[in-house]
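Please treat every number below as a calculation from the coordinates, not as lab data. These figures come from a predicted structure and were not determined experimentally. For neighbour counting, all protein chains shown are included, and Cβ atoms are generated from backbone atoms with ideal geometry for every residue, glycine included.
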Amino acid sequence: MSDALSFHYDVDGESFSSAGQASAGVKKNLRQLGIDPEIIRKVSIAMYEGEINMVIHAGGGEADITVEDNCIVIVLTDRGPGIADIDKAMEEGYSTARDNIRALGFGAGMGLPNMKRYTDEMNISSVVGEGTTITMKVFF
Amino acid sequence: MTVSELAQLDDFEAVALPEADREIDGAYSGDLLSWVMGRARAGNAWITIMSNINVVAVASLADTACVILAEGVIPDEEFTATAQARQVNVLRSGKPAYEISLILGSVL
């Protein structure tokens, strides 16, 4: 634990074109560490979905990635509106995204389900009006 | 078949080929980005009509072999430059997604 590697990213809430910078950065860093490409693919997709969610719903946020001995931990934190019904949000196809978001190809209601699909553990902690923290783990 | 071999076929045109020798292993067609991230497999050719910059990010993270822009879609310069910089192969075709799928079905 003491020599765990960690990376921190601020996710810009203003722009869809810059969304993905954090996940691209993580992908590059993990590749340099020689981590299995399939693990990298899972981590970077889960993180990108989280980044997009923070841009769509929360005006940005922060991402912290830690490489532990047996897993990669991703913690996404925002001070957005929070998720009122987490079970509903986890359903494939359920989305509260607006039409302009859908026109970009997002808002299909697959973001959170994909984050769950590609990670081994996922925990959502959300308070309406305060924000959301999502913790995900991908084991080696 | 490699991406550059596919780009040589009549109905395809190269937009960016930073990893031209990448092998294509199957294909996926879709325009909803999260569906693509959830369903496309690494090494697939991804057929889409979307050409916003997020397509490059999705192709990179999902590790597809290439993006094939269907229906004669022409990407802007930022799209092409970003694809080149992020090692994302991009082709385009005047054909609709269904017809591109048929071609891939016969050549892959």
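Of everything in the stretch A:105-128 that is among the polar types (S, T, N, Q) and in a strand (DSSP E or B), the residue that is farthest from the other protein chains (Cβ to nearest Cβ) is A:Ser125. Among the residues making up the stretch A:69-91, those that are surrounded by fewer than 15 Cβ atoms within 10 Å (Cβ to Cβ) and either among the aromatic types (Phe, Trp, Tyr) or under 23 Å from A:Val43 (Cβ atoms) (or both) are A:Asp69, A:Asn70, A:Ile86.
Of the residues screened, A:Val73 is not one that is within 19 Å of B:Gln87 (Cα to Cα) and either more than 10 Å from chain B (Cβ to nearest Cβ) or in contact (Cβ under 8 Å) with a residue 24 or more places away in the chain (or both). Of everything in the stretch B:61-82 that is part of a loop (DSSP other than H, G, I, E, B), acidic (Asp, Glu) and within 14 Å of another protein chain (Cβ to nearest Cβ), the residue that is farthest from B:Glu13 (Cα to Cα) is B:Asp63. The single residue among A:Ala46, A:Ala58, A:Ala97 that is in contact (Cβ under 8 Å) with a residue 40 or more places away in the chain, in contact with a Gly (Cβ under 7 Å, 6 or more places away or on another chain) and within 12 Å of another protein chain (Cβ to nearest Cβ) turns out to be A:Ala97.
For B:Glu99, are the conditions met, namely being surrounded by fewer than 18 Cβ atoms within 10 Å (Cβ to Cβ), within 14 Å of chain A (Cβ to nearest Cβ), among the charged types (D, E, K, R) and out of contact with any helix residue (DSSP H, G or I) (no Cβ under 8 Å at 6 or more places or on another chain)? In short, no.
Annotation note: Cβ proximity below 7 Å between a residue of the stretch B:30-43 that is more than 7 Å from chain A (Cβ to nearest Cβ) and within 15 Å of A:Tyr118 (Cα to Cα) and a residue that is surrounded by 21 or more Cβ atoms within 10 Å (Cβ to Cβ) and of a type in the set (Gly, Ala, Ser) (sequence gap 6+ or interchain) occurs for B:Val36/B:Ala62; B:Ala40/B:Ala62.
Is it the case, given these coordinates, that B:Ala16 is among the small types (Gly, Ala, Ser), surrounded by 20 or more Cβ atoms within 10 Å (Cβ to Cβ) and away from every other protein chain (no Cβ under 13 Å)? Yes; evaluated as a whole, the condition is true for this residue. Can you work out which of the residues in the stretch A:14-43 that are out of contact with any strand residue (DSSP E or B) (no Cβ under 6 Å at 6 or more places or on another chain), assigned to a loop (DSSP other than H, G, I, E, B) and under 25 Å from B:Ala81 (Cα atoms) is farthest from the other protein chains (Cβ to nearest Cβ)? Taking the candidates together, the pick is A:Glu14.
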